[in-house]
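The structure under discussion appears below in the form of structure tokens.
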Amino acid sequence: RLGKHLWATWPEPLTVEDTATYLLGPMIGFVLLLRGTPALHASAINVGGQAIALVGPGGAGKSTTAAGFARMGYSVLSDDAVTLAGEPGELMVHPGYPCIRLWPESADALFGARDARPLLTPNWDKRYLDLAGDNHRFQTDSLPLAAIYFLGARSEDVGAPRIEVVAPRAGMIELIANMYVPYLKDNAAHAREFNALRHVIAKVPLRRAIPGADLGRVSDLCKVILDDFRALPQPRAATDPSEHIECV
């Protein structure tokens, strides 16, 4: 219950690689929960010594976008789980594991062929991008969370990719919907999480990134996110989160 020991077993024909995908995903989220650190279902990258979180449900394109940033030379902090740790005035994102997991179609779009990336496990067609090699970069130090981009549905609109501002209350709902392992939380854990999110919306700019329909143009989405992030004002001083939402 202190989140210090974890046991696993698996039946045939599953392998240790299959088990590791759960360890590095929902299980690590549950360990963080036991240790009192809320986590978002998100990926995070380093831009100028600050963390940008890419948030969305499964299949939204978080890993694909993070891999797009990696191909542009940016270091990646985490894929799949982004911590909300530290004091209210400075929320920190801790490094995850140096690997990005990609669906075959994302590997096709980013690298020309899915076989250009190795299989994550022998029993699954998902591929992985090794951030400790392959001339990519992994961020090994924790960084302050500076902005959150919710990934929207792909759009055929000629204006895509584009960025939209997300209001604090709407953002709060989306953040709650994208927290890790919600089905395993007791009331105390929900309260810690809610209070952490209050500090997020009080301090961190919230945006929605609408990708274009062409998966092969993920670099365009990355550039739009970068342009928007660089145009943001300097980090805001911590304010009283109760101005936005009160936890009762």
Placing each pseudo-label 7 Å from Cα in the direction of the beta carbon, LEU232 and LEU34 end up separated by a distance in nanometres of 3.3
Interchain or sequence-distant (5+) residues whose placed amide H lies within less than 5 Å of the amide H of ARG162 are ILE210
Reduced to Cα centres, the span from region 60-115 to region 124-148 in Å works out to 5
In the list (i) 51, 49, 30; (ii) 96, 51, 38; (iii) 67, 47, 41, the entry giving Cα extents along the principal axes in Å computed from the coordinates is (i)
Computed about the Cα centre, the charge dipole of region 30-111 from +1 Lys/Arg and -1 Asp/Glu charges at the Cβ has a magnitude in debye, to the nearest 20, of 60
With +1 on the Cβ of every Lys and Arg and -1 on the Cβ of every Asp and Glu, the dipole magnitude of the chain about its Cα centre, in debye rounded to the nearest 20, is 300
Once phi for every residue in region 33-48 is put through the Karplus expression 6.51 cos²θ - 1.76 cosθ + 1.60 (θ = phi - 60°), the whole-Hz ³J(HN,Hα) values, with Gly and Pro written as x, are 4, 4, 8, x, 10, x, 9, 8, 6, 7, 10, 9, 10, 9, 10, x
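Given the chain, what percent of its DSSP beta bridges are antiparallel, to the nearest 5? Before the final figure, lay out each step's value.
Values: 25 of 36 bridges.
Bridges in the chain that DSSP calls antiparallel: roughly 70 percent.
So, counting K/R as plus one and D/E as minus one, what does the shell of residues with Cβ under 15 Å around TRP10 add up to? If you can, show how the numbers build up before the last one.
Working: positive: none; negative: GLU12, GLU17, ASP18.
With Lys, Arg at +1 and Asp, Glu at -1, the net is -3.
So what is the relative contact order for the chain, in percent, with contacts set as C-alpha pairs under 8 Å and at least six apart? Kindly include the intermediate steps, with their values, before the conclusion.
Working: 462 pairs, mean separation 52.9, N = 248.
Taking the mean separation of contacting Cα pairs over the length of the chain, I get 21 percent.
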Residues whose modelled amide H sits under 5 Å from the amide H of TYR128, counting only those 5 or more places away in sequence or on another chain, are LEU102, LEU120
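Keeping the other protein chains in place, figure out the carbon and sulfur percent of the accessible area of region 172-219, with a 1.4 Å probe.
Values: 1150 of 2060 Å².
That fraction is 56 percent.
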Checked region 73-112 with the C-alpha gyration tensor, a ≥ b ≥ c its square-rooted eigenvalues, rounded below a/c of 1.5, otherwise prolate if a/b is larger than b/c and oblate if not; verdict prolate
For the pair THR9 and ILE173, the simple spin-label estimate (label points 7 Å beyond Cα toward Cβ) gives in nm 4.5
Lys and Arg at +1, Asp and Glu at -1: neighbours of PHE30 with Cβ under 12 Å from its Cβ sum to +3
Calc'd 3J(HN,Hα), region 186-201, phi into Karplus 6.51 cos²θ - 1.76 cosθ + 1.60 (θ = phi - 60°), Hz, glycine/Pro = x, comes to 8, 4, 5, 5, 4, 5, 4, 4, 4, 5, 4, 5, 4, 5, 4, 6
Here, ASP186 and ASP115, labelled 7 Å along Cα→Cβ, have an inter-label distance in nm of 5.3
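Just order 40-53, 155-168, 205-218 by mean Cβ neighbour count inside 10 Å, highest at the front, would you? Please list the in-between numbers first.
Numbers: 40-53: 23.1, 155-168: 14.0, 205-218: 18.6.
Ranking the peptides 40-53, 155-168, 205-218 by packing returns 40-53, 205-218, 155-168.
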Amide H contacts under 5 Å for ALA42, restricted to residues at least 5 apart in sequence or on another chain and with H modeled in the peptide plane, are ASP80, ALA81, VAL82
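The values are calculated or read from the model by the stated rules, or taken from the named source; none is laboratory data. Quick caveat: nothing in here was measured; it's all calculated off a predicted structure. Positions of Cβ are backbone-derived with ideal geometry, glycine not excepted, and every protein chain shown enters the neighbour counts. Please note that ligands, DNA and RNA were not included when accessible areas were found on the heavy atoms of the full protein model with its side chains. Shrake-Rupley method; radii C 1.70, N 1.55, O 1.52, S 1.80 Å.
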